[in-house]
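The structure under discussion appears below in the form of structure tokens.
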Amino acid sequence: MKKPVKDMSLMQDDSDNIVMFYPHVSKLAKTSVMEVLDTRWIGQGPKVKLFENSFSKKFASNLPSIAVGSGTDALHLSYILAGLKPGDEVIAPVFTCTATNIPFLYMGIKILFADIDSNTMNIDVKHVNQLMNKNVKAIICVHYGGLPCEMDELQSIADEWGIPIIEDAAHAVGAKYKGLSVGSISDFTMFSFQAIKHITTGDGGMLVVKNKDLIDKAERIRWFGIDRKAKQAGIWENDITEIGYKYQMTDIAAAMGIASIKEFDEVSRLRKKLFKVYSDELTGYDRVKIVGNDFEDREHAAWLFTIIVDDRFRLQEKLRENKIESNQVHFRNDRYSIFNDFTSGKAFPNMDKIEDKYLVLPLHTMMNEDDVRRVCKVIKSGW
Ligand SMILES: *Cc1c(COP(=O)(O)O)cnc(C)c1O
């Protein structure tokens, strides 16, 4: 047997290595940023407003959007706007980026972790139903990899209990559920523009808020609790009556965002094409199960292509021997000590089933269809 590959660190991207992720920065984004650097506004200024408006139009059926410094900021802001208070309970998936759940620790909120559906790695609606009780004040769902969750089912639970749904759509910009854009469905939807997401502003995020009455508050909370318009008038009209923070986006970042929206369709088409080549190549190969594939009623945003395999570590090594990176990307949150108060003694049988089997394959705009075929060929040669 071959010796295990010890070095699993990041690969160089300067040869024929196929790396996991690569940021997508267009020429247009570069010139837009240069233009901003010559203006009066480099922090939060007019470009942020323009970015919000064009994002709303493109992805959120014109619902109001609030641009912030990161997806994590957008989540934290949504939890505040949803009125969550210390001692409240929320239901959130056990499998997600830690950013989904970390703000709850700051807010003194009790997390009821829900298991996932092992075919999609999205939140398991049955478990959500079991966890519901009168102390639960919000349901958070994550569209893993870009596949929308069971929104109708979640919405009917939320309606029954009169609580909001908060979508973590960090993976799902451009996804659709039953014809509706993710971003136009629930009370709150959060997007991330972190370096390797579909749209990047270096770091950044967007919160789409259905209830227009919350927008003024959202803008104040984004800026310490201060009414910026009153402040910019240069007069004292600025008592702070609610605790805000500094969540705002800069015009430098917004300029990148505006440029990225202009070429989003092209990026999305390529990502979906690569996803489809993976899916076509690996469908029917019985050692590989594809996560979240082949749904008729929803459109996958193709952020991650994830497979379930036995002997995952050996496959990772084999890919690595062939100059291909692979990774798990996210880990079940009950493995992190910071969540111990909410996880001890809890069972997540669906997560257990695939914990040692899921693997994410490279998918980004520096790849072409032949790169995907090369990855699939290595996989189909066995491991
Ligand atoms: C990237 C990501 C976040 C956090 O977004 P940031 O912009 O990095 O703060 C949250 N949730 C999920 C599922 C993510 O993938």
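Give the lysines reachable from K323 as a straight Cα distance under 25 Å; neighbours fewer than 8 places away on the same chain don't count. Qualifying lysines at Cα under 25 Å: K2, K3, K6, K197, K272, K273, K276, K289, K357, K377, K380.
Do the sum for the chain: with -39,500 (n - 2.57) for every DSSP H run of n ≥ 4, divided by all residues, what is the mean residue ellipticity at 222 nm, to the nearest 500 deg cm²/dmol? Can you show the working numbers first?
Working: 14 runs with 134 residues, N = 383.
For the chain, the value works out to -10000 deg cm²/dmol.
Per residue, the chain exposes 46 Å² of solvent-accessible protein surface, assessed with a 1.4 angstrom probe and all protein chains in place.
With both bridge residues required to lie in the chain, what share of the DSSP beta bridges run antiparallel, to the nearest 5%?
Numbers: 24 of 40 bridges.
Antiparallel bridges make up about 60 percent of those DSSP assigns within the chain.
With +1 assigned to the C-beta of every Lys and Arg and -1 to the C-beta of every Asp and Glu, and no other charges, what is the dipole magnitude of the chain about the Cα centre in debye, to the nearest 20? Before the final figure, lay out each step's value.
Details: 50 positive and 53 negative charges, 126 e Å.
Once rounded to the nearest 20, the dipole reads 600 debye.
Taking the chain as the reference, fit the longest principal axis to its C-alpha atoms, fit the long axis of helix 264-282 to the helix C-alpha atoms, and give the angle between the two in degrees, 0 to 90, nearest 10. The answer is roughly 30 degrees. With N as its number of residues, the chain has a Cα radius of gyration that, divided by 2.2 N^0.38 Å, comes to 1.01.
Counting only alpha carbon atoms, the long axis of helix 369-380 and the longest principal axis of the chain meet at about 50°. Note on K110: lysines with a C-alpha under 21 Å away, same-chain residues under 8 apart excluded, are K85, K126, K134, K137, K346.
Pull out the extension gain between D216 and W236, defined as 0.36 nm times the separation in residues minus the alpha carbon to alpha carbon distance; nm, one decimal.
That works out to 5.4 nm of additional length.
Summary of the geometry: segment 299-374 and segment 199-215, compared by the centres of their Cα atoms, lie 28 Å apart. In terms of packing, defined here as the mean over residues of other Cβ atoms within 10 angstrom, the peptides 233-246, 326-339 line up highest first as 326-339, 233-246.
How large, in percent, is the carbon and sulfur part of the accessible surface of segment 27-258 at a probe radius of 1.4 Å? Numbers along the way, then the final one.
Values: 5090 of 9480 Å².
Answer for segment 27-258: carbon and sulfur cover 54 percent of the accessible area.
Enter the angle in degrees (range 0 to 90, nearest 10) between the Cα long axis of helix 71-81 and the first principal axis of the Cα atoms of the chain, meaning the one along which they spread out most. Helix 71-81 sits roughly 50 degrees off the main axis of the chain.
The accessible area of T31, taken with all protein chains in place and a 1.4 Å probe, comes to roughly 80 Å². Find how many whole Å separate the alpha carbon centroid of segment 243-271 from the alpha carbon centroid of segment 55-86. Distance between centres, Cα-based: 14 Å.
Carbon and sulfur: what percent of segment 264-380's accessible surface (1.4 Å probe)? Display every interim value, and only then the final one.
Details: 2520 of 5620 Å².
Answer for segment 264-380: carbon and sulfur cover 45 percent of the accessible area.
If packing is taken as the average count of other Cβ atoms within 10 Å, what order do 344-350, 104-110, 248-254 fall into, highest mean first?
Details: 344-350: 12.3, 104-110: 15.6, 248-254: 24.4.
Result, highest mean first: 248-254, 104-110, 344-350.
The values are calculated or read from the model by the stated rules, or taken from the named source; none is laboratory data. Computed from a predicted model, the values in this text were never measured in an experiment. Cβ atoms come from the backbone with ideal geometry, glycine included; neighbour counts cover every protein chain shown. The protein model used for the area step is the full one, side chains on, heavy atoms only, and it has no ligands, DNA or RNA in it. Shrake-Rupley method; radii C 1.70, N 1.55, O 1.52, S 1.80 Å.
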